[in-house]
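Everything below concerns the one structure shown next.
Where a number appears in this text, it was derived from the coordinates with a stated rule and is not lab data. Keep in mind it's a predicted model, so treat the numbers as computed, not measured. Here Cβ is always computed from backbone atoms with ideal geometry, including for glycine, and neighbour counts include all displayed protein chains.
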Amino acid sequence: MSLGLVSIDGIYANKIDTIISVDTTDSLDTHLPNDSLNTVDSLNVVDTTKQTCVHPLCLPLMYVPDAFLSIKDTTPEDAYTIYAIRRKALRYITTHHADLYVSISDPNRLKKLEVGKSKMRKILEDDDEDLQPYIKRDVHGKPRYWKKKAYLSLQITQNYATNNWYQGPVNAFTMLGNAKANANYKRDNISWENTFEWRVGVSTITGDTVHKLNTTDDRLQIYSKLGYQVHKQWYVSMFADFKTNLLPNFKVNSNRLNSTFLTPLYYSMGIGADCKIWKGLTINFSPVTYKMVYAYMSDSARINVADFGLGPQNISHEVGSSLRMSWKWKPLKEIELETKFYFFTNYKQIETELEVNVDFIINRFMSAKLMLHPRYDGTIDAVNKVKSKLQFKEVISLGFAHTFR
């Protein structure tokens with residue numbers, strides 16, 4: 001955690017002869033002065049010389065043993081205690097000494113600082129997400145096993161010109177929306193990951209005189225994975241994946257459909273192994289995977305279900321193997337990269353797709369997004385009797401985006 005303090009001279013109150021003891025009970029006793037932290041989880045600070053203690057501005061620094069070797073022996077080894085001390089000290093500095101910050105990614109976050117509120121505005125993002133697995137209790141001392149997060153973004157582009165505009169009348173409208181929520185459970189050796197995502201894009205299509213608007217992107221996906229840790233980074237896992245559309249997508253200048261609600265519907269489930277090599281990277285291999293493709297609409301005059309690899313029965317069942325990879329990486333505080341790779345084979349044909357999402361964070365409510373999505377589906381060859389080709393989609397957008405925790 002980087003605080004960017006101007007100076008630490010004179011911050012220590014008298015001496016640093018402080019003994020730190022961890023209280024393993026649920027009671028929260030503290031002997032810090034009144035102007036110190038509001039609450040310190042499971043921490044007692046007792047001075048051996050005078051009724052003084054380390055100034056709270058120095059708490060994040062004193063738990064870096066390499067920087068202060070004289071207090072190395074008094075540093076708690078419990079990661080949760082260290083995290084609590086740093087977090088409370090950071091909160092104290094933010095509310096009482098915001099002028100000490102000299103380098104933060106977005107100084108505007110300090111303009112609307114609310115002091116004395118029970119629910120303080122979150123000024124700074126969490127720089128210490130690597131300590132999240134060690135947090136076992138909430139602010140009330142109760143065990144916390146669920147971690148929830150939601151993300152919402154909306155980008156709108158509109159262009160209008162009158163009929164007598166010298167470059168010609170050009171009217172266009174594009175809207176891209178993305179809603180995503182995660183609810184992950186971790187307790188002992190059991191982990192349960194749940195993801196809900198709906199991505200939709202609506203736009204005017206040049207040359208389409210039948211429809212004013214048409215969907216350019218529509219994907220509703222629910223993914224759930226249950227795992228049991230057997231050895232360090234290895235889990236025995238079982239997953240289920242549900243994916244479909246919500247809105248109709250029409251062919252240009254026609255009432256025929258490319259896709260619509262529950263057409264197609266993809267459902268797959270598998271049993272295998274899960275490996276979390278390092279932070280942010282997860283690899284799931286399921287040697288036994290079941291895949292179903294279903295079309296709710298069976299009107300051949302309006303939609304061609306053969307485009308989804310389906311025959312007259314509008315449903316197909318396949319058994320094979322699958323590989324999933326997910327990688328989340330933040331090279332910079334303002335850049336978030338998320339990559340998803342999927343591979344499935346029924347031992348005759350293959351289906352694979354790669355999705356790369358890059359978020360360029362401008363501030364708490366604005367971001368730019370780049371999405372690259374190539375895919376290849378060879379499982380429809382037997383139905384269409386044509387060789388499958390690589391498909392590709394790319395999206396660049398700018399607009400509202402916010403993360404809820």
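Quick notes on this structure:
- Were the residues from Arg256 through Val288 laid out at 0.36 nm apart, the gain over their Cα-Cα distance would be 7.8 nm.
- Residue order for Ile205, Ile190, Ile277, fewest other beta carbons within 10 angstrom first, comes to Ile277, Ile190, Ile205.
- Here the extension length gained between Thr162 and Cys275 equals 34.9 nm, from 0.36 nm per residue of separation less the Cα-Cα distance.
- All Cα-Cα distances of region 261-345, cut into 5 Å bins from zero to the largest, leave 3, 13, 18, 14, 14, 12, 10, 9, 5, 2, 0 percent in each bin in turn.
- Near Arg375, once Lys and Arg are set to +1 and Asp and Glu to -1 for all other residues with Cβ below 10 Å from its Cβ, the sum equals -3.
- Counted charge near Ala179, where neighbours are those whose Cβ lies closer than 9 Å (Asp, Glu -1; Lys, Arg +1): +1
- The modelled label-to-label distance between Thr195 and Ile362, using points 7 Å beyond Cα along the C-beta direction, is 2.7 nm.
- Assuming charge only on the beta carbon of Lys and Arg (+1) and of Asp and Glu (-1), the dipole of region 271-333 about its Cα centre is about 640 debye to the nearest 20.
- Region 209-336 shape via C-alpha gyration tensor axes, a/c threshold 1.5: oblate
- Percentage of interatomic Cα-Cα distances in region 145-404 larger than 31 Å: 34 percent
- Counting charges near Phe360 (Lys, Arg +1; Asp, Glu -1) among other residues having Cβ under 9 Å from its Cβ returns a value of -2.
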